[in-house]
Amino acid sequence: MIKNYLTSVWRYIQKNRAFTTINVLGVVIGMTAFMLIAQYIYHELSYDKFWKNENQVFRVNLDRYDKGELSTRWAAGCNGIGPDLKANFPEVKYYVRMHESNALLSHGDIFFKEAGVYYTSQDFFKVFGYPLIEGEDSTALKGLNKIVVSRSFAKKYFGNESPMGKTMRNNGEIEYIVSGVFEDLPENSHMKVNALLSFATYAKLVGRKSEADLNQWQWDGFLTYILLNENADAKKLEAKLPAYVTKREGEELKKFNSGMIFHLMPVGDIHLDSDFIGEFKPNGSRDTVYFLSVVAALIIIIAWINYINLSTAKSVERAREVGVRKVMGGFRNQLIQQFLVESLLLNTIAVIVAIGASLLLLGWFSQLTDRPLDYSLLQLKLFWVFVVLLIIGGTLLSGLYPAFVLSAFKPVEVLKGRFKNSGKGVFFRKGMVVTQFIASITLIVGTYTVYTQINFMRNQKLGVSIDQTVIMQSPNIVDSTYSHKYEVFKQRLSQHAEVSAVCASTSIPGGSPEWNAGGIRRLSQREDEQKQYRVIMMDHDFVSSYGLDVVTGRAFSGNNPNENKTVLLNESAVKLMGFSKPEDALDDQIYFWGDTFRIVGVLKNYRQESLKKNFEPLIFRYDKSPQGFYSIKFNTSNVKESLAKFEAQWKELFPGNPFNYFFLDEHYNKQYKADQQFGKVFGIFSGLAIFIACLGLFGLSSLTVIQRTKEIGVRKVLGASVANILALVSRDYVILMGIAILLATPLTWWVMNNWLSGFANRITIAWWIFALPSLLVIVIALLTVSIHTLKAAMTNPVDSLRYE
């Protein structure tokens, strides 16, 4: 019996190659898109699952409040919380705290400016359960001047030799002994760690006798992780923390009208749920995962609906086949089995082709999403179980309805030529078309909204000039002559004809200022009125170099000997300090960490960070030669030659420091990279959804034209024009599109309004955001319908009346 079914299916495919190709193509495209998105989602959900103690490790996040309002959210919070939790809560087994080092590591003549180097307390490997390749996890970070490096770092500095016991220098000063080697952390880790320095060394560097002297609660910037005992409940522990905060810091917090709330975040949730100050690197987004999950589901559903529509469209041509089979003794259940076998075979072929296509496209998709996607999904047994379920589910969903429709034809009516589909069948198919286009319109409008929002952010005036600017990180290895050398470097670069400005600062546009300072107030205010601000140190050329507007007062001057006792504010800082207008701030004084500064100017708000965030309250302090970044404005007509000049001056004045640089506009636009990638992925798969939906519409219009062939011939004989016939047939589809638009509009508005709520500066969802994509969908749909309609309308009416 099965052999007979397969033979019938093969003959049918051979006879209808074009139709079968179109039918399978829709399912293949849908399944390929589904598998690619599934690979991306699997990768995003796999972050930090490799830690041995993943289920018991939590990061201690900190929210700080001023006057009852949330002021900052820290991934890297206060210094002392880890030791205090370990000492006061039996649920906590171990803790680890980490602080980033601005590192320039060297061994002999080999030196590199390195990212991912952290001062780390001794129980790192116990907390995470991450094994060392060489060394002992209990002693590797214990004591002074210890360094543990990754396998790739060991190879980079020591070649094929074991690094154990050898020495490395950090910033040309402190010598560290290599006490351990760990395997490189996988890409799917929220951490970016290449080397760990013992925390006791950091304590010594900042003038403390021991690590215990670092247990302050008003010193932020330290990542803290805790390992809970097996039976400990993280939520119950977190619920105890407010009372402990009140007990330990209540009086101090009350004095300044401030607050602290700690949150325990599971390490496995960090990548998708955390975007706070002090993250290791930019994280992903759970919303993006959810959005793409919905897109994947919609595409596969649209593909299966397309299969149903094409199959039922073809059912008219297969009606006589069914009639003959029934007359010859075929039972309905046998016919259902035959059509299900056909659906099973086509879905199996589609899945196999889709797996091959997704493997071929994985490299491209990996670049598009900026994720190191690989073939790991294929190695999971669960994936192959899912593939089998996909085939079975696809067979049932896409084959069951056509099978029952085809097998239900009455042989007498079929053989007499009366085999039009029932009103219920037509209604069902039209309902599926509406469902397809609701999904398609939702995706297209969503893509258009994402594109419009990103375009809106990128085209707004920043209030700061970021073009033709190269950035260099200031040298790590310096001596007492650094300030003089910087002035010489600045002067020499300024002598080049192409250079228009040179300045130095602790922060540059395109990122949050690293200095977040609390306890700042006007001298005339009470202690409980102090607030938090972001602080940037700059030289006197920063304002002019970046084209910042001075609202009132003046910018910094390099000729004033007391300039280091002055500050500038931006408009947001003026407002936060309680001044009614910028002019009122001039010559007022502020209290800043035990010192007094005079306000000499107010700068217009500019976009230090992307438009996803509001203007931060910024305080600018003067330094003749601040360390952090050098900004060089120059004519980029001959970049290579100019950079060679800059490098020559750098090597002469700052030997032993690598010459690293990047361009500011590229750095600034990285803030929008994740949203741009999301928009591209959303757009590509939305286009695929429209294409698949049009294949279904192609099939439905084919069915309609076949059934109305005689009617079209009669109308032509009676004088109907091609345009009249086109309008007649298209009218039903315009109605279907109208219904889809009406149903999709409120759904899309709700979804995209929630997405836009994550932007401080956002577009308004206007009517045209729905109108333009909807009009596009209607035009595409009508063009698809017109293919069959025009062909029938232009056929000789004599041939139409002879039909059947």
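The values are calculated or read from the model by the stated rules, or taken from the named source; none is laboratory data. This structure is a prediction, so every number in the text was calculated from the model and none was measured. Cβ: placed from backbone, ideal geometry, glycine included. Neighbour counts: every protein chain shown. Surface accessibility is based on the protein's heavy atoms, side chains included, excluding ligands, DNA and RNA. Shrake-Rupley method; radii C 1.70, N 1.55, O 1.52, S 1.80 Å.
Details
- Spin-label model distance (nm) - residue 637 vs residue 52, 7 Å beyond Cα toward Cβ: 6.3 nm
- Residue 243-residue 731 FRET efficiency (beta carbon distance; Förster radius 45 Å; 0.05 resolution): 0.05
- Whole-percent carbon and sulfur share, accessible surface of the chain, 1.4 Å: 57 percent
- Per-residue extension of 0.36 nm, minus the Cα-Cα distance of residue 674 and residue 487, leaves a gain of 63.5 nm for this segment.
- Going through (i) 13, 35, 29, 17, 6, 0; (ii) 12, 32, 22, 11, 7, 6, 5, 4, 2, 0; (iii) 11, 28, 31, 21, 7, 2, 0, the figure that equals P(r) over Cα pairs in 20 Å bins from 0, in percent as computed for the structure here is (i).
- Sorted on the mean count of surrounding Cβ atoms within 10 Å across their residues, most packed first, peptides 28-39, 669-680 read 28-39, 669-680.
- In range of the label at residue 613: residues from the range 65-106 whose backbone nitrogen is under 19 Å from the point 7 Å along Cα→Cβ: 65-66, 69-78, 100
- Over 29 Å between alpha carbons, listed pairs 146/624; 235/680; 640/673: 146/624; 235/680
- Distances between placed amide hydrogens fall under 5 Å for residue 93 paired with 227, 228, 229, all partners being 5 or more residues away or on another chain.
- Probe 1.4 Å, accessible area per residue of the chain, Å²: 45 Å²
- FRET efficiency estimate (nearest 0.05) - Cβ-Cβ, residue 359 to residue 666, R0 41 angstrom: 0.80
- Rounded if a/c under 1.5, otherwise prolate or oblate - the range 48-144, Cα gyration tensor axes: oblate
- Couplings for the range 611-617, taken from phi via the Karplus curve 6.51 cos²θ - 1.76 cosθ + 1.60 with θ = phi - 60°, read 6, 5, 10, 6, 5, 7, x Hz in order; Gly and Pro are left as x.
- The chain, helix-only ellipticity at 222 nm - DSSP H runs n ≥ 4, -39,500 (n - 2.57), divided by all residues, nearest 500: -17000 deg cm²/dmol
- Label-to-label distance for residue 554 and residue 648 is 3.8 nm, based on points extended 7 Å past Cα in the beta-carbon direction.
- Packing around the peptides 444-455, 556-567, taken as the average count of other Cβ atoms within 10 Å per residue, puts them in this order, highest first: 444-455, 556-567.
- Label separation (residue 139 vs residue 112): 2.9 nm, computed from points 7 Å beyond Cα along the C-beta direction.
- Environment charge at residue 278 (Cβ cut-off 10 Å; Lys +1, Arg +1, Asp -1, Glu -1): -3
- Farthest towards the positive end of the charge dipole of the chain, among the residues 701, 690, 488, is the Cα of 701, using unit charges on the Cβ of Lys, Arg, Asp and Glu.
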